[in-house]
Amino acid sequence: MNFQARFACLLLLAALAGCGEFPRPFEGNPGSTAMRLSRPPPPRLAVPPPPNALLSDKASRAFADVLAARLRDQEVPAVAETHAGDWKLIATADERAGVVTPTYTVLNPKGEPQGRAKGAPLPARAWAKADPATLTAAADAAAPQIADLLTNVEAALQQADPNSLRNRPAKVMVANVTGAPGDGNLSLTRQMKQHLSQQGPVVQDTQDGADFVVQGEVRVAHLAGPAERVEIQWIVKDATGKERARIVQINEVPAGTLDGYWGDVAAVVATEAAGGVKDVILQQTHRGTPEPKPAAAAHLAPTPPS
């Protein structure tokens, strides 16, 4: 296997396989947290005590607290209080034939419904008692559904906005690569700009107006014998500076191989990494997810924006 082919066998958002098992002290892990879509649409989601959920005032407050806590477990920034300008989650409940079914409605800051989710049915007697175990069970069942609903709401809003990232190419600043020996910093930066622009994003040299920033970092570790381990991390951050994912590439090379001219190696590295960066951007802009389902066909469907 020649050197360029070996570098094509690199880790991209997955476990290293096929290139041998090497120590990975600098290896990142994009994981579900980094790849997860941002949700909900607002900076935070208010969960007020539900006035129409067949619960006492005390039980309503307790349910709002536990529901907000379970939503935070789903990485939804929920709080059991309300302030002007908040998006809200309103819980209601209906009883039929001895069974209570909660319903959860997402309201935008204008108070307009944006989507609804049905909770799991519960025995009316257990719901009326409102013991902590029952309220917690209801919140546990509802939180993942509400989080999915919020993702659908976000996707619908993005789709309806002609200026959103769902409807235009992302603007990406490729920062100068650091840490590479030889001409690697220059070569990798140039090649990443070229190959990423071929994937669809608009590549720019400054951070002004950029939706994402991609920063490459190279580390070379000397191994026993005439070999080195080259580890390259491509860090993807959003416009706020929050890290969204890392694409990690690792390989062993003969010592000194990259001390001078990187040449085709930089092109191979950038080709592989640019695809990973594109996948991250698609995930973050909802363009890698299914279109929101029509309200008539979906159990968890957003209400079309007004």
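The values are calculated or read from the model by the stated rules, or taken from the named source; none is laboratory data. Predicted model only: the values in this text are computed from it and were never measured. For neighbour counting, all protein chains shown are included, and Cβ atoms are generated from backbone atoms with ideal geometry for every residue, glycine included.
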Checklist entry - If you go through region 200-214, how many residues are buried (at least 18 other Cβ atoms within 10 Å of the Cβ) and not β-branched (Val, Ile, Thr)? => result 4
Next on the checklist: Please go through (1) modelled with pLDDT under 85; (2) part of a strand (DSSP E or B) for Arg287 and return the number of the only condition it doesn't satisfy.
Outcome noted: (2)
Checklist outcome for this item: Cβ pairs under 8 Å, 6+ apart or interchain, first in region 192-208 and assigned to a strand (DSSP E or B), second polar (S, T, N, Q), ordered by first then second residue, are Val203/Ser197
Next on the checklist: If I ask for residues that are under 17 Å from Arg61 (Cα atoms) and out of contact with any helix residue (DSSP H, G or I) (no Cβ under 6 Å at 6 or more places or on another chain), which ones from region 122-139 would you list?
Outcome noted: Trp127, Ala128, Lys129, Asp131, Pro132, Ala133, Ala137, Ala138
Next on the checklist: Just to verify a result, which residue in region 46-64, among those that are in a helix (DSSP H, G or I) and farther than 23 Å from Val153 by Cα, is nearest to the chain's Cα centre (by Cα)?
Outcome noted: Phe63
Item to check | Checking Ile232 against (1) in contact with a helix residue (DSSP H, G or I) (Cβ under 8 Å, 6 or more places away or on another chain); (2) more than 21 Å from Gln191 (Cα to Cα), the condition it does not meet | outcome: (2)
Item to check | Qualifying residue in region 242-254 (condition: under 14 Å from Pro181 (Cα atoms) and in contact (Cβ under 8 Å) with a residue 12 or more places away in the chain) | outcome: yes
Next on the checklist: Any residue at all in region 84-97 that's under 30 Å from Leu282 (Cα atoms), at pLDDT 95 or above and among the aromatic types (Phe, Trp, Tyr)?
Outcome noted: no
Checklist entry - Pick from Ala126, Ala147, Ala117: which is over 27 Å from the mean Cα position of the chain (by Cα) and of a type outside the set (Phe, Trp, Tyr)? => result Ala126
Checklist entry - Just a yes or no: is a residue in region 88-107 under 16 Å from Leu54 (Cβ atoms) and part of a loop (DSSP other than H, G, I, E, B)? => result yes
Checklist entry - Out of all the residues in region 175-199, which are crowded, with 22+ Cβ neighbours inside 10 Å and among the hydrophobic types (A, V, I, L, M, F, W, C)? => result Val177, Ala180, Leu188, Met192, Leu196
Checklist entry - Going through region 109-145 one residue at a time, which ones are without any contact (Cβ under 8 Å) to a residue 40 or more places away in the chain, closer than 24 Å to Ala156 by Cα and either among the polar types (S, T, N, Q) or buried (at least 17 other Cβ atoms within 10 Å of the Cβ) (or both)? => result Gly119
Next on the checklist: Being touching a Phe, Trp or Tyr at 6+ places or on another chain (Cβ under 7 Å), crowded, with 16+ Cβ neighbours inside 10 Å and closer than 12 Å to Ile281 by Cα: is that true of Val172 here?
Outcome noted: yes
Checklist entry - What pairs come up if the first residue lies in region 211-231 and is over 21 Å from Gly241 (Cβ atoms) and in contact (Cβ under 8 Å) with a residue 24 or more places away in the chain, the second is of a type in the set (S, T, N, Q) and buried (at least 18 other Cβ atoms within 10 Å of the Cβ), and their beta carbons are under 7 Å apart, counting only those six or more places apart or on different chains? => result Val230/Asn251
Checklist entry - Applying the selection to region 232-241, what residues are more than 12 Å from the chain's Cα centre (by Cα) and either in contact (Cβ under 8 Å) with a residue 12 or more places away in the chain or under 14 Å from Ala175 (Cβ atoms) (or both)? => result Ile232, Gln233, Trp234, Ile235, Ala239, Gly241
